[in-house]
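Here's the structure we're looking at; comments come further down.
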Amino acid sequence: MSNHSDRGEANALGLVLIAPLAIALAVVVLWTGRRVDTDAQVQAASSAAAQSAAHQRDRSSAVVAATATAQAMLVDVVACSGGPSVSIAAANFRPGGDVTVAVSCTPARADLALSGAPSQTFSASSTASVDVYRSAGLP
């Protein structure tokens with residue numbers, strides 16, 4: 001006659017040892033995914049904002065367009081908690097010149113706060129050329 005009562009205890013012990021590791025792995029996967037997603041969104045927003053700025057007719061319109069484009073692209077509160085920070089270097093904004101847009105964002109981490117994951121800000125900078133044949137007087 002065999003005794004099967006110890007088999008349940010072994011399964012419970014295995015669950016107690018494996019469950020924390022599985023949870024830790026899930027948190028790492030979630031945080032890594034969020035980092036990759038946020039980085040990609042910030043890169044795309046900086047590129048689109050620079051292109052948007054380069055298509056404007058004057059420096060002030062370029063600043064407004066770049067800011068609006070970055071803010072419109074980074075509306076995901078998980079990827080960009082509090083909205084993006086946008087800075088525009090448009091000192092060389094003239095036909096044949098360029099405009100550079102830097103965007104930074106900090107992802108939300110309320111759901112990862114207990115994991116001890118550090119807060120991180122993601123930044124990207126993109127430069128776009130202003131058309132050589134651009135004329136401020138044309139519509």
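The values are calculated or read from the model by the stated rules, or taken from the named source; none is laboratory data. Every value quoted in this text rests on a predicted model; they were computed, and no experiment measured them. Cβ placement follows ideal geometry from the backbone for every residue including glycine, while neighbour counts extend to all protein chains displayed.
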Just to be sure I understand the filter: pairs with C-beta atoms under 7 Å, separated by 6 or more residues or on different chains, first member in the range 82-110 and under 25 Å from residue 37 (Cα atoms), second member basic (Lys, Arg). Which pairs pass? 107/34
Count of the range 19-68 residues which are among the β-branched types (Val, Ile, Thr) and at pLDDT 85 or above: 6
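Would you check which residues across the range 68-97 are small (Gly, Ala, Ser) and assigned to a loop (DSSP other than H, G, I, E, B) and list them? Before the answer, list the steps.
First pass over the range 68-97, keeping only residues small (Gly, Ala, Ser): 68, 70, 72, 79, 81-83, 85, 87, 89-91, 96-97.
Matches in the range 68-97: 79, 81, 82, 83, 90, 91, 96, 97.
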For residues in the range 95-112 being farther than 13 Å from residue 53 by Cβ and surrounded by 15 or more Cβ atoms within 10 Å (Cβ to Cβ), which is farthest from the chain's Cα centre (by Cα)? 112
Only residues that are surrounded by 16 or more Cβ atoms within 10 Å (Cβ to Cβ) and modelled with pLDDT under 85: list them for the range 77-94, please. 79, 80
Taking the condition buried (at least 18 other Cβ atoms within 10 Å of the Cβ), in a helix (DSSP H, G or I) and touching a residue at least 60 places away in the same chain (Cβ under 8 Å), does residue 38 pass? yes
